[in-house]
1. For region 507-525, indicate whether the set of residues that are surrounded by fewer than 18 Cβ atoms within 10 Å (Cβ to Cβ), modelled with pLDDT under 90 and under 30 Å from residue 267 (Cβ atoms) is non-empty.
2. Of the conditions (1) closer than 15 Å to residue 141 by Cβ; (2) modelled with pLDDT under 95, residue 100 fails just one. Which one is it?
3. If I ask for residues that are over 21 Å from residue 429 (Cα atoms), in a loop (DSSP other than H, G, I, E, B) and more than 22 Å from the chain's Cα centre (by Cα), which ones from region 364-389 would you list?
4. Within region 94-108, work out how many residues are in contact with a helix residue (DSSP H, G or I) (Cβ under 9 Å, 6 or more places away or on another chain) and either in contact (Cβ under 8 Å) with a residue 60 or more places away in the chain or surrounded by fewer than 19 Cβ atoms within 10 Å (Cβ to Cβ) (or both).
5. Residue 117 is checked against (1) more than 27 Å from residue 393 (Cβ to Cβ); (2) free of Cβ contacts under 8 Å to residues at least 40 places away in the same chain; (3) crowded, with 20+ Cβ neighbours inside 10 Å and fails just one. What number does that condition carry?
6. Of all residues in region 207-233, which are free of Cβ contacts under 8 Å to residues at least 12 places away in the same chain and in a helix (DSSP H, G or I)?
7. Is there a residue being loosely packed, with under 15 Cβ neighbours inside 10 Å, in a helix (DSSP H, G or I) and more than 31 Å from the chain's Cα centre (by Cα) anywhere in region 266-275?
8. Which condition from (1) over 20 Å from residue 369 (Cβ atoms); (2) modelled with pLDDT of 95 or more is the one that residue 474 breaks?
């Protein structure tokens, strides 16, 4: 009792030092008050007076507090979040998401923060997350239908940025910005990006004429060939589409002069140099630029279907009723607005082309799964193989500072392409045979992603980043989706093990280093018994 009495005596202490003083309000919380206040002074209606808050919020004394109403985010914050997350949710239609973001931006375009946020985030996504370029372009097209100032501001900022990278020779960023402008082909009063592509081809011809060993000219032709599909897929409808297709075919005829000629350095970067005949190679390692040329020629003969490129912008057309009059929605003001046209940004291709910050070499299309009996990835005759591979490689090499984000994006690549392009994630390989016989899609998104990563690991003479970065992407992908990645990775390892004898010596070393690094992250678990070979198989030993 003495302890209790002493404790009570020393619990006071008032002032600023009474941390454990007697608090009548806390003691009486939850008990009925003999005199209920008729009104609350403003200074009492705060979290510091819980009994008054309870009574004021309708919970009564001893009741639960109602949650405070959340403050709605400002339009600029919503637009930023919407652009960053666009197309990542497979349950939301991309065109509806783009239209909602565009409407919010157009209605609040007078806000300086909205304008700066929209333009900055949109152009950053273009040069950092290539998967989202068609979707960002779709947002701009929808916004232009609501407010022409939106597209005008975006073009006003994209033009100087493209001019800057043209002068520096950063050809990857040139390619991405041209792709963005090509996806907005319906905006322009003139031909859009076609004159720029023709100027780039003229520079490529000059470089190739000056030296047969030139590689910058090949890079320029590659930029041209990878821009044409997006331009034609976004051309819209009407007579202008036929004219645009004809001009694109003329450009394609010109590029055949450069793309159809083998570069002297191609033999040096071939991953299978020891094969005497093409039939002995584990895969047909063709140059990327020659594959692109043949694929686009095949696509031109099929009326430029380009099924693998998403069409985000769906223009609204007037829908008269049976009598030819305007519908009720159009009468109430919901009719489609006039779609403003804008001049294409003024661009000048430098007469002296810079080689850029990266050392360029001819690229070989390296694949582990292509052109097999069951097509788990697009065949090399399909333009989808080049379009998918290019978008994946740019994403990998641009976001090297965050391998976790890259691995997540690679696990969700089916969200960024039209429905029906891929099978469902983690589909068993044995089921692909039945799907192929039923003429259904058989491309596995996991195989496409793993195929692109290994294309960088075995790129000669060296990939853009250190090999350990690509190793870590495989590891992170396995951690994110082990059930989907592990079977694909197992087939890749078996293919590499069988073909290591025909591979370049540097490629064999890279396979051993990656495999040792990968197994060290998973307790060295592997079916070693199946790799027992006779002593005559020296390369595998």
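The values are calculated or read from the model by the stated rules, or taken from the named source; none is laboratory data. What you are looking at is a predicted structure, and each value in this text was computed from that prediction instead of being measured. So basically every Cβ, Gly included, is an ideal-geometry build from the backbone, and we count neighbours across all protein chains shown.
1. Scanning region 507-525, I find no residue that is surrounded by fewer than 18 Cβ atoms within 10 Å (Cβ to Cβ), modelled with pLDDT under 90 and under 30 Å from residue 267 (Cβ atoms), so the answer is no.
2. It is condition (2) that residue 100 fails.
3. Correct list: 381 only.
4. Number of matching residues: 7.
5. (2)
6. 209, 210
7. The answer is yes; a qualifying residue exists.
8. (1)
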